[in-house]
Amino acid sequence: MNLSAFAAIFDEHHRILLVRMAYGNRSWTTPGGGVEAGETIAEALKREVLEETGYHIDPRKIIGVYFKPIEKETLIFVEASIIGREEWHPNEEISEVGFFSENELPLPMNERPKIRIRDAFAGERGILRTFEGLF
């Protein structure tokens, strides 16, 4: 089973931070990625968000745990706050970074990130979801 951590990071206007992948279908999602051996979820989240956006974050609350049994993956979705920023440039993984309101989410975006983002905007905590299909 693979473990990943993704962040819901809101700005002062309650817009969520999203990243656009620079490969595949170039879809938008929340920043995050795999937890490496020996890393805590918080350490992985801090590392991934810094690599993908240039933001330093403070993980705060778990929004939910999302299981993808077909892909053998467990994803932890965490609300985090920004505590600093470094210079960031588009790279081979992430082509764009931006904050978006709930009513102005960019496309393309896969269904699973949309569900997580809706949970974050709704202020959900302690969600347990299982994604049965590969949608």
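Some values worked out for this structure:
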| read-out | value |
| --- | --- |
| The range 14-38 residues that are in contact (Cβ under 8 Å) with a residue 24 or more places away in the chain, paired with ones that are of a type in the set (Lys, Arg) and open to solvent by less than 30 Å² (accessible area, probe 1.4 Å) (beta carbon under 9 Å, 6 or more apart) | THR29/ARG116; THR30/ARG116 |
| Test result for LEU17, of a type in the set (A, V, I, L, M), buried (at least 16 other Cβ atoms within 10 Å of the Cβ) and touching a strand residue (DSSP E or B) at 6+ places or on another chain (Cβ under 7 Å) | yes |
| Segments classed as strands (runs of 3 or more DSSP E), wholly inside the range 28-135, with at least 1 members that are of a type in the set (A, V, I, L, M) and surrounded by 13 or more Cβ atoms within 10 Å (Cβ to Cβ) | 55-68, 73-85, 94-100, 127-130 |
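The values are calculated or read from the model by the stated rules, or taken from the named source; none is laboratory data. Everything numeric here is computed off the predicted structure, so don't read it as measured data. When we count neighbours, we look across all protein chains shown, and the Cβ atoms used for this are built from the backbone with ideal geometry, even at glycine. Surface areas here come from the heavy atoms of the whole protein model, side chains and all, with no ligands, DNA or RNA. Shrake-Rupley method; radii C 1.70, N 1.55, O 1.52, S 1.80 Å.
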